[in-house]
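The values are calculated or read from the model by the stated rules, or taken from the named source; none is laboratory data. Keep in mind it's a predicted model, so treat the numbers as computed, not measured. Every residue, glycine among them, receives a Cβ derived from its backbone with ideal geometry; neighbour counts consider all protein chains shown. Side chains included, ligands, DNA and RNA excluded: accessible areas come from the protein's heavy atoms. Shrake-Rupley method; radii C 1.70, N 1.55, O 1.52, S 1.80 Å.
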Amino acid sequence: MTKKNGLRTGLARRTFLTALGAVGVMPLLSTYAKASGPRVIVVGAGFGGATCAKYIKMLDPGIDVTLIERSDSYTTCPFSNLVLGGLRSFDSIVHSYQALKSHWGINLIHDTAAAVDGQARTVTLGSGPTLPYDRLILSPGIELLWNAIPGYDEAAAEIMPHGWKAGPQTLLLQKQLAAIEDGALIVIAAPDNPYRCPPAPYERASMMAHHLKMSGKSRVKIMILDAKDKFTKQDLFLQAWPRFYPGVIEWVSGSQGGEVTAVDPKSMTVTAKAGSFKAALANIVPPQSAGQIAIQAGVAKIDGWCEIEPWAMESKNVPGIHVIGDACMPGAMPKSGFAANSQAKNCAAAVAALVRNRKPTEPVFMNTCYSTIAPNYAVSVVEVFRAATNGVIAVVMGSGGQSPMNVPDSFRSAEYDYAQGWYDSTMQEMFG
């Protein structure tokens, strides 16, 4: 292999020899060592990473794509609230990576990315091996900031679940919700922006309320303690709650004292500026940052999020590293599964061009975010984005918009169906 983007055959050979002792990487080594084309490593296999890895192989099968992901399956945060509401089974939001490996020829490593050296262009795995790359794509999702709310750490999360990383936390919330007694208080703590999936706390309250309604527990109250004064689709949620769940859901804004200042898991007390509340179930969503590997790689800013150049989703801090999904701060785009999927496709096209010494084309991004409030009743927001002259991603004025107010139920039912269709088709696109 000739010199390419600072990589040499000698470096690659040394890293392969280092890797020989790693059982989890052994099946990859012979393929990786013989790769004649450019090498792209993708870290994280969610809406961003899995999509990006697959699309690079679709665009240019000659590119060697390695996908590093700790888990052996993916559980989606989108639609995990519907599991709580009883509208989806947990199994329906769990997806296999098998087709990415067997059908698309992606080198799939179930391991952690422990370190990135942006100058040497290498990724070191948790099991020890170091792998070289020509381009690196980070899609590590979020890191929960433990103790940002005093009293809320990893141990507290086993008592007061966050549910912001779907999987065991989803099942824990589901178990606690099923066990709650009529007349009890549920507290949901919603953080200030930015955070993963802005409308999710309010959809979650809706789905919890639906579960309680179906269980005949009409006297349970759900209180949303919010650090913000506004939230996405606010008027649509506030219009629907009295209709479907009268007297059940109360939203306390930041200016009303909704910001949570401390929690005590032992006494199940949530303290906000408005006062202290003893909860039977406390769903605490803490502040967040980009995943730890993005911080270690030096692509995150002091605020914990990653600033990118929008044409290729390339880090403004470290050349050759691209950041997509929840970890990046691209401008106006929210942190959603749809946004990550859109960023991934554009990033894939850009990286496929860059490793072949071609200039990327101008990207166009989209986001559609559905929120289910009741069975056959969903609302949405749709936006189109482009790269702005100031180096961020900006909304295209006049594009998309929020679901209208005061429409027939048939309109909301159609949006509910669209949401199901989006989810199922996106899962097929990502993992099929």
Open item on the list: If I go through the stretch 321-376 residue by residue, how many of them are touching a Leu at 6+ places or on another chain (Cβ under 7 Å) and open to solvent by 50 Å² or more (accessible area, probe 1.4 Å)?
Closed with: 1
Task: Residue pairs meeting the criteria (Cβ under 6 Å; at least 6 apart or on separate chains; first over 15 Å from CYS306 (Cβ atoms), in the stretch 331-354; second in a helix (DSSP H, G or I) and open to solvent by 20 Å² or more (accessible area, probe 1.4 Å)) - done: LYS345/TYR55; ALA348/TYR55; ALA352/LEU59
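Here's the yes/no breakdown for (1) free of Cβ contacts under 8 Å to residues at least 60 places away in the same chain; (2) outside any loop (DSSP other than H, G, I, E, B); (3) not hydrophobic (A, V, I, L, M, F, W, C):
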| position | (1), (2), (3) |
| --- | --- |
| THR232 | no, no, yes |
| ASP235 | no, yes, yes |
| ALA240 | no, yes, no |
| ARG243 | yes, yes, yes |
| GLU250 | yes, yes, yes |
| SER255 | yes, yes, yes |
| THR261 | no, yes, yes |
| VAL270 | no, yes, no |
Open item on the list: Show me the strands (runs of 3 or more DSSP E) found entirely inside the stretch 111-160 where at least 3 residues are at pLDDT 95 or above and aliphatic (A, V, I, L, M).
Closed with: 113-117, 135-138
- [ ] Check whether at least one residue in the stretch 214-224 is part of a loop (DSSP other than H, G, I, E, B) and touching a Ser or Thr at 6+ places or on another chain (Cβ under 9 Å), and report yes or no.
- [x] no
- [ ] Might you let me know whether the stretch 393-413 holds any residue that is hydroxyl-bearing (Ser, Thr, Tyr) and either surrounded by 14 or more Cβ atoms within 10 Å (Cβ to Cβ) or touching a Leu at 6+ places or on another chain (Cβ under 8 Å) (or both)?
- [x] yes
TODO: For the stretch 224-247, name all the residues that are more than 24 Å from the chain's Cα centre (by Cα) and either of a type in the set (Ser, Thr, Tyr) or open to solvent by 20 Å² or more (accessible area, probe 1.4 Å) (or both).
DONE: ASP235, LEU238, GLN239, PRO242, ARG243, PHE244, TYR245, PRO246, GLY247
Open item on the list: Would you confirm, using the coordinates I've provided, whether MET430 is part of a loop (DSSP other than H, G, I, E, B), hydrophobic (A, V, I, L, M, F, W, C) and open to solvent by less than 20 Å² (accessible area, probe 1.4 Å)?
Closed with: no
TODO: Go through the residues of the stretch 395-409 one by one and say whether even a single one is in contact (Cβ under 8 Å) with a residue 24 or more places away in the chain and part of a helix (DSSP H, G or I).
DONE: yes
Task: Long-range neighbours under 8 Å by Cβ, at least six apart or interchain, first residue free of Cβ contacts under 8 Å to residues at least 60 places away in the same chain within the stretch 169-191, second among the acidic types (Asp, Glu) - done: LEU172/GLU158
- [ ] Report the residue count in the stretch 377-392 for those that are of a type in the set (A, V, I, L, M, F, W, C), over 30 Å from PRO38 (Cβ atoms) and open to solvent by 30 Å² or more (accessible area, probe 1.4 Å).
- [x] 2
